[in-house]
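Undergrad: Please read through the structure below; I'll follow up with questions.
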Amino acid sequence: MAGPTPGGPGGAGSRAAPSLGNQRWPRVDQERPLVLVPVGSTEQHGPHLPLATDAMIAHAVAARAAAQLLGEGRAVRVAPTLGYGASGEHQDFPGTISIGTEVLRSVLVELGRSACLWAEGVVLVNGHGGNARAVLGAVRQLRSEGRAVSWTSCDLPGADAHAGRTETSLLQHLAPWAVRTDLAEPGNTASVRSLMPRLRADGVRAVSPNGVLGDPTASTPELGRTLLSTLVARLVGELRVLDVGPDGRLTRVASDAPTGSS
């Protein structure tokens, strides 16, 4: 289920050092690291963005946060990205591969049980909203078993819902080669809250034939850089404090980074 690799498309390039997959077991045994697990999806992101968009963003945020903390002397490693998630709402679009909530939850539970045998702890970094039930359910179960597992997400205040200005800007900054701006077009720009009943009943295609919930035409790589900085700064702050709320989520801390949500 590995998604983009640290040195490959959507990866961290020169920041590949935090990758768990590049380590050898004696080093891991010596470090006893905190392990970040990016959790993404393989699903349609409109006619202009790649299917791996969520995985690419989650991996980039985790890798950059881990690199910063490694530079401060913290043992933080990024596990290979889980590239499949719960994406049933996008199943009407070719290319989408969904493993569903229950399977994803089971995978995350077994992953947490295994990693906690040698890691300081595990943090699931979720890049796809549809994974939320599985992530929360897995973390609750693991924590009830006494394991040091928590979660966080890559959501942003003021962001549009799917394949719009927010995600397109992030990908224009992270992987401009993967964005077809010539194919970018608005989708349904109504609020997700108003669309939710039909989304749950009939899926994304019923409310947006092109798969976009938002308007990507105003996206820019400069906005993407700002948004990524916000996400990374927030995760770094959460990992420095490592305060876990009652639902297993890392407690958010104030960040000096701009939100870029205008």
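Undergrad: For segment 219-256, give me each residue that is more than 30 Å from G112 (Cα to Cα), at pLDDT 95 or above and not hydroxyl-bearing (S, T, Y).
TA: First, pick out the residues of segment 219-256 that are more than 30 Å from G112 (Cα to Cα): 219-226, 256.
With at pLDDT 95 or above added as a condition, the list becomes 219-226.
Matches in segment 219-256: P221, E222, L223, G224, R225.
Undergrad: Only one of (1) at pLDDT 95 or above; (2) over 17 Å from L235 (Cβ atoms); (3) out of contact with any strand residue (DSSP E or B) (no Cβ under 8 Å at 6 or more places or on another chain) is not met by N188, so which one is it?
TA: (3)
Undergrad: Still on this structure: For segment 178-200, what are the residues that are among the charged types (D, E, K, R) and either in contact with a Pro (Cβ under 8 Å, 6 or more places away or on another chain) or within 20 Å of D92 (Cα to Cα) (or both)? Don't jump to the end; show me each part of the working.
TA: Here is the first cut: in segment 178-200, the ones among the charged types (D, E, K, R) are 180, 182, 185, 193, 198, 200.
Scanning segment 178-200 gives R180, E185, R198, R200.
Undergrad: Right, another one. Could you please find all residues in segment 62-89 being assigned to a helix (DSSP H, G or I) and surrounded by fewer than 24 Cβ atoms within 10 Å (Cβ to Cβ)?
TA: The initial filter retains those residues of segment 62-89 that are assigned to a helix (DSSP H, G or I), namely 62-71, 88-89.
Result: R64, A67, Q68, L69, L70, G71, G88, E89.
Undergrad: Next question, about the same structure. For segment 109-132, enumerate the residues that are over 28 Å from A206 (Cα atoms), free of Cβ contacts under 8 Å to residues at least 60 places away in the same chain and assigned to a helix (DSSP H, G or I).
TA: Of the residues in segment 109-132, the ones over 28 Å from A206 (Cα atoms) are 109-125.
After this cut, where a residue has to be free of Cβ contacts under 8 Å to residues at least 60 places away in the same chain as well, the list is 109-110, 112-114, 116-117.
V109, E110, G112, R113, S114 - these are the residues of segment 109-132 that are over 28 Å from A206 (Cα atoms), free of Cβ contacts under 8 Å to residues at least 60 places away in the same chain and assigned to a helix (DSSP H, G or I).
Undergrad: Next question. Starting from residues that are farther than 19 Å from V107 by Cα and of a type in the set (D, E), keep the ones in segment 22-61 and report whichever is surrounded by the most Cβ atoms within 10 Å (Cβ to Cβ).
TA: Residue satisfying both the conditions and the ranking: E31.
Undergrad: Another question about this same structure. Looking at segment 209-226, which of its residues are in contact with an Asp or Glu (Cβ under 8 Å, 6 or more places away or on another chain), outside any helix (DSSP H, G or I) and closer than 22 Å to L156 by Cα? Don't jump to the end; show me each part of the working.
TA: Start the filter on segment 209-226 by keeping residues that are in contact with an Asp or Glu (Cβ under 8 Å, 6 or more places away or on another chain), which leaves 210, 212-217.
Those still in the list that are outside any helix (DSSP H, G or I) too: 210, 212-215.
Hits for segment 209-226 are V212, L213, G214, D215.
Undergrad: If you don't mind, another one. Filter segment 174-208 for residues that are more than 17 Å from the chain's Cα centre (by Cα), at negative phi and not in a helix (DSSP H, G or I) and give the result.
TA: Result: V179, R180, A184, E185, P186, G187, N188, T189, A190, S191, V207, S208.
Undergrad: For segment 155-173, how many residues are more than 13 Å from the chain's Cα centre (by Cα) and in a loop (DSSP other than H, G, I, E, B)?
TA: 7
Undergrad: Let me confirm something: among G130, G158, which residue is touching a Gly at 6+ places or on another chain (Cβ under 8 Å), of a type in the set (G, A, S) and under 23 Å from R234 (Cα atoms)? Steps first, answer last, please.
TA: Working: G158 fails: touching a Gly at 6+ places or on another chain (Cβ under 8 Å).
Only one candidate passes the filter, namely G130.
Undergrad: Quick one: which residue in P26, P38 is in contact (Cβ under 8 Å) with a residue 12 or more places away in the chain, over 17 Å from T166 (Cα atoms) and not in a loop (DSSP other than H, G, I, E, B)?
TA: On the way: P26 fails: in contact (Cβ under 8 Å) with a residue 12 or more places away in the chain.
The match here is P38.
Undergrad: Of the residues T226, T230, T251, which single one is more than 22 Å from T166 (Cα to Cα) and either β-branched (V, I, T) or touching a Cys at 6+ places or on another chain (Cβ under 8 Å) (or both)?
TA: Details: T226 fails: more than 22 Å from T166 (Cα to Cα); T230 fails: more than 22 Å from T166 (Cα to Cα).
Within the list T226, T230, T251, the selection yields T251.
Undergrad: Sort out which residues of segment 133-154 are more than 16 Å from the chain's Cα centre (by Cα) and part of a loop (DSSP other than H, G, I, E, B), and write them in order of number.
TA: E145, G146, R147, A148
Undergrad: Next question. Which ones in segment 90-108 are of a type in the set (A, V, I, L, M) and not in a helix (DSSP H, G or I)?
TA: I97, I99
The values are calculated or read from the model by the stated rules, or taken from the named source; none is laboratory data. Keep in mind the model is a prediction, meaning the values are calculated, not measured. Counting neighbours? That spans all protein chains shown, and the Cβs are built from the backbone with ideal geometry, glycine included.
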